[in-house]
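Encoded as structure tokens, the structure appears first; notes follow it.
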Amino acid sequence: METQCLICESSAVIDRQAARTIVLAIGALREFMQAWKILQPEREPAQWLLHSLSNAMGAAAHIHPDVQSFIADVERYQFGGFDCLCLRCGARFDTPSGAASGTQPGSQ
Ligand SMILES: [Zn+2]
């Protein structure tokens with residue numbers, strides 16, 4: 001189910017888990033790019049690529065303390081204790097419980 005912003009009704013809303021996943025993906029990409037810098041010319045390019053991807057995913061699985069701290073800062077400063085963040089207007093709100101879509105407060 002898609003969560004919409006309670007203010008601007010945009011669907012560009014992420015929750016804390018999505019933010020955590022994005023940070024981990026950036027960490028894996030960074031590991032991959034570092035492996036890219038240290039090219040190993042004796043390997044077959046496809047073999048090297050799979051090996052580097054595997055290393056990057058392994059590094060992402062073990063959350064480095066810096067990454068954990070970064071995730072904690074994102075949750076504290078961007079989400080401020082709320083569950084969801086609208087990427088369009090910056091509104092923060094908790095996940096609407098029950099029937100989420102189409103509800104508008106004060107409609108008569
Ligand atoms: Zn919004």
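Looking for something surrounded by fewer than 16 Cβ atoms within 10 Å (Cβ to Cβ), basic (Lys, Arg), under 30 Å from residue 9 (Cα atoms) and in contact with a Cys (Cβ under 8 Å, 6 or more places away or on another chain) - is there at least one such residue anywhere in region 68-89? Scanning region 68-89 turns up at least one residue that is surrounded by fewer than 16 Cβ atoms within 10 Å (Cβ to Cβ), basic (Lys, Arg), under 30 Å from residue 9 (Cα atoms) and in contact with a Cys (Cβ under 8 Å, 6 or more places away or on another chain). The set of residues in region 9-36 that are part of a helix (DSSP H, G or I) and either within 16 Å of the ligand (Cβ to nearest atom) or among the acidic types (Asp, Glu) (or both) comprises 18, 19, 31.
Pairs linking a residue in region 2-15 that is under 12 Å from residue 96 (Cβ atoms) and in contact (Cβ under 8 Å) with a residue 60 or more places away in the chain to a residue that is within 8 Å of the ligand (Cβ to nearest atom) and part of a strand (DSSP E or B), with Cβ atoms under 9 Å and 6 or more positions apart or on different chains, are 2/13; 3/13; 4/13; 4/86; 5/13; 5/86; 6/86; 13/86.
Okay, residues lined up against (1) within 14 Å of the ligand (Cβ to nearest atom); (2) among the aromatic types (Phe, Trp, Tyr); (3) in a loop (DSSP other than H, G, I, E, B); (4) modelled with pLDDT of 70 or more:
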| site | (1), (2), (3), (4) |
| --- | --- |
| 56 | no, no, no, yes |
| 68 | no, no, no, yes |
| 72 | no, no, no, yes |
| 76 | no, no, no, yes |
| 85 | yes, no, no, yes |
| 90 | yes, no, yes, yes |
| 95 | no, no, yes, yes |
| 100 | no, no, yes, no |
| 106 | no, no, yes, no |
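The values are calculated or read from the model by the stated rules, or taken from the named source; none is laboratory data. A quick note: this is a predicted structure, and the numbers were derived from the prediction, not measured. A quick note on method: Cβ atoms are made from the backbone with ideal geometry, for glycine too, and the neighbour counts reach across all protein chains shown.
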